[in-house]
Amino acid sequence: MNTYTNPMLREDALKDKIIIVTGGGSGLGKAMSKYFLELGAKVAISSRNLEKLNNTAQELENETGGEVLPISCDIPHYDEVEAMKNAVIERFGKIDILVNNAAGNFISPTERLSPNAFDVIIDIVLKGTKNCTLAVGKHWINQKERGTVLNIVTTYSWTGSGYVVPSACAKAGVLAMTRSLAVEWAKYGIRFNAIAPGPFPTKGAWDRLLPGNLKEQFDMTKKIPLGRVGVHQELANLAAYLVSDFSAFINGEVVTIDGGEWLQGAGEFNMLEQIPTEMWDALEMMIKAKK
Ligand code: HXC
């Protein structure tokens, strides 16, 4: 039986931790929030859509018995981020963990993008992450409190990728921020790590990245050596570990969780996977004959 769909950490692993999850109203943010709650945390979820947040908060509270604070916040605006931070402190008294999960993305040939379209993605992903990190980080430093930041990036943060160029630029910036501040703010007891998820189907991302019949045309499982997409609980397990005190010595790391997807694309001879086993005998003879 597969155990990767099961919760991993022991009960109370995040007991009384106060966690902000941006983009926590749906998708991976919601999945992570649910597991954090199950582990004893109190979670503030933010996004632009308060109605969706309220529904998610209610649903998560009913399912987990935990406490959820929904906060409307458009993260490219620093004043809104400050207000969110203040609202969390007012309600819970402190912040322990920030998960920069909110993102914006769509596929497009880059030459079709208006300058504003490029900016909108940079503003959500890079500027939004910067705003949340700066607001919460300054608070921790001023209060002499320790903190943990988890940034959600992608594997194309380091490879780059066509057709999602604003997202690739922004996520590369977030990865650089993760590694830079992991060192600079370690003296304040603030840890930074990142997760680079491969395909974990969510409605928000999938409808934008594989719209219409592209889902049928491009079978994502064929791109993944392990032959399947990710399960939300797997990501939640990793996220919970990386924000918990169990990972206290992990700092500045980016953990890829993609079934080997990006390396399959990167390895120069990985295309030889397509060669049938019976052909290898003939190929071996041909190669040896060259000696
Ligand atoms: C070209 C487009 C476009 C498209 C929008 N624009 N969609 N241009 N092709 N498909 C242009 C618009 O014309 C406009 O430019 C500008 O982008 C802003 O569009 P708005 O709709 O006004 O912006 P807004 O309402 O702020 O919405 C932001 C959004 C939207 C990013 C466009 O998709 C959104 O809200 N997304 C949030 C959720 C999300 O994207 N989740 C997926 C994250 S997945 P002009 O010049 O006309 O003003 C991810 C990692 C994936 O990040 C990794 C997978 C492995």
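Report note on the peptides 21-31, 255-265: ranked by the mean count of other C-beta atoms within 10 Å, highest first, their order is 21-31, 255-265.
Note on the chain: Cα-only Rg and Dmax are 20.8, 76 Å. Stokes-Einstein diffusion of segment 130-188 at 37 °C, 0.692 mPa s viscosity, Kirkwood radius from Cα pairs, rounded to a whole number: 262 µm²/s. Look at GLU80, GLU61, GLU278 and count the other Cβ atoms within 10 Å of each Cβ; fewest to most, that gives GLU278, GLU61, GLU80.
Restricting the calculation to Cα atoms, every distinct pair contributes to the Kirkwood radius of segment 113-244, found to be 16.5 Å.
Evaluated with a Cβ-only charge set (Lys, Arg +1; Asp, Glu -1), segment 12-108 carries a dipole of roughly 160 debye about its Cα centre, given to the nearest 20. Here segment 1-63 is assigned +1 on the Cβ of each Lys and Arg and -1 on the Cβ of each Asp and Glu. Its dipole about the Cα centre then comes out at about 240 debye. Can you tell me the orientation of helix 78-92 relative to the chain, as the angle in degrees between its alpha-carbon axis and the longest Cα principal axis, to the nearest 10? That helix lies at roughly 70 degrees to the long axis.
Between PHE269 and ASN116, the C-beta separation translates, for a Förster distance of 35 Å, into a calculated FRET efficiency of about 0.25.
Among HIS232, HIS77, the ranking by other beta carbons within 10 Å of each residue's beta carbon, starting with the fewest, stands as HIS77, HIS232. Think of the chain as a dipole: +1 on every Lys or Arg Cβ, -1 on every Asp or Glu Cβ, centred on the Cα centre; then among LEU214, LEU238, TYR35, LEU238 lies furthest on the positive end. Per residue, the average separation of C-alpha pairs within less than 8 Å and at least 6 apart gives the chain a relative contact order of 18 percent. Only Lys, Arg, Asp and Glu carry charge here, each on its Cβ (+1 for the first two, -1 for the last two); on that basis segment 110-267 has a dipole of about 280 debye about its Cα centre. Annotation: the residues CYS73, CYS169, sorted from fewest to most other C-beta atoms within 10 Å of their own C-beta, follow the order CYS169, CYS73.
Computed from the coordinates by the stated procedures, all read-outs in this text should not be read as laboratory data. For clarity, every value in this text was computed on a predicted model and none was experimentally measured. With ideal geometry, Cβ positions are generated from the backbone for all residues, glycine too; neighbour counts draw on all protein chains shown.
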